[in-house]
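In what follows, a structure is listed as structure tokens, so that the remarks can point back to it.
The values are calculated or read from the model by the stated rules, or taken from the named source; none is laboratory data. Since this is a predicted model, take the numbers as computed values, not measurements. We place every Cβ from the backbone using ideal geometry, glycine too, and count neighbours over all the protein chains shown.
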């Protein structure tokens, strides 16, 4: 075989492989912009506790990029797209780098600062003042080349957040962001979920006047195990609405024995369609937190409120 033909064959194989991998690693190829859910909370009674509302959420909400297209990516939709889908719970992972709070997933820089995220959400809430957004903030990794600490850097950026350590009513937080605190702080601030957050399990964080119930079993050998976790959590924890019990049901995860072992697409492709059926068969589902959230998934949760 001459060198030219060999080169053409190799180039063609690489191109086909690249296209195939790209298709496998992208969950929603045609998201579009659907904003029918942009102000769905306007029809909920303002005296309702956030804990009594079925809320669509996204896991690792800003993780749109991955490490060499293998690990890290959890969403295809931007912040604004997710907000328009109806997402009202954002899972934000931050690292302080050169005195800038940046979105990261593990070692992957997700190419967004906390300031940019806040600006996008604030713009949305100004245009849709009936809505509120819970923002879970987790410190990811050690600070890098910074003269201030994570807590010192983030505190002034929370002035537009509801930061009381209690679950508010919708009236109290319409048009605002609500802090769910998953980073260590010296003072009580926001809904406290740092101390007592157990890795890869189902648990309750008891903050005396309110509780946070969590299902976050994210490592498993079979996606069916995750579906059982989701159903069991709904059946055991969410039979009744409770104004002082916020429930977070994570639909996200990865196959610990799969390849790549830390990639979430294969799980989401199995879990998300089945999860939609589980949601639609229940009256109240709490906060449902998805990898690769879509308008249809968010809508299935929103409809539990009406």
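If you go through the stretch 97-109 and pick out every residue that is in a strand (DSSP E or B) and either surrounded by fewer than 16 Cβ atoms within 10 Å (Cβ to Cβ) or modelled with pLDDT of 95 or more (or both), you end up with 7. Does the stretch 122-148 hold any residues that are part of a loop (DSSP other than H, G, I, E, B), under 21 Å from residue 161 (Cα atoms) and out of contact with any strand residue (DSSP E or B) (no Cβ under 9 Å at 6 or more places or on another chain), and which are they? Hits for the stretch 122-148 are 128, 129, 130, 131. Exactly one residue out of 136, 130, 159, 165 is within 20 Å of the chain's Cα centre (by Cα) and at pLDDT 95 or above, and it is 136. Scan the stretch 32-68 for residues that are over 20 Å from residue 215 (Cα atoms), modelled with pLDDT of 95 or more and either in a helix (DSSP H, G or I) or over 20 Å from the mean Cα position of the chain (by Cα) (or both) and jot them down. Within the stretch 32-68, 40, 41, 42, 43, 44, 45, 46, 47, 48, 49 qualify.
Exactly one residue out of 162, 218 is closer than 17 Å to residue 49 by Cβ and without any contact (Cβ under 8 Å) to a residue 40 or more places away in the chain, and it is 162. Flag: residue 178 does not match the condition of being over 15 Å from residue 158 (Cβ atoms) and either in a strand (DSSP E or B) or free of Cβ contacts under 8 Å to residues at least 24 places away in the same chain (or both). Is it the case, given these coordinates, that residue 283 is out of contact with any strand residue (DSSP E or B) (no Cβ under 8 Å at 6 or more places or on another chain) and either farther than 25 Å from residue 72 by Cβ or not assigned by TED's automatic domain parsing to the domain that holds residue 138 (or both)? Answer is yes for this residue. Of the listed requirements (1) under 15 Å from residue 91 (Cβ atoms); (2) more than 16 Å from the chain's Cα centre (by Cα); (3) touching a residue at least 60 places away in the same chain (Cβ under 8 Å), residue 190 misses just one: (3). Scanning the stretch 45-77 for residues that are surrounded by fewer than 16 Cβ atoms within 10 Å (Cβ to Cβ) and closer than 29 Å to residue 306 by Cβ returns 45, 46, 47.
Reported count of residues in the stretch 246-270, each being within 22 Å of residue 134 (Cβ to Cβ) and touching a helix residue (DSSP H, G or I) at 6+ places or on another chain (Cβ under 7 Å), is 5.
Filtered by the rule that a residue be within 10 Å of the chain's Cα centre (by Cα) and in a strand (DSSP E or B), the stretch 78-95 gives 89, 90, 91, 92, 93. Within the stretch 235-255, the set of residues being farther than 20 Å from residue 167 by Cα and either more than 20 Å from the chain's Cα centre (by Cα) or at pLDDT 95 or above (or both) comprises 235, 236, 251, 252.
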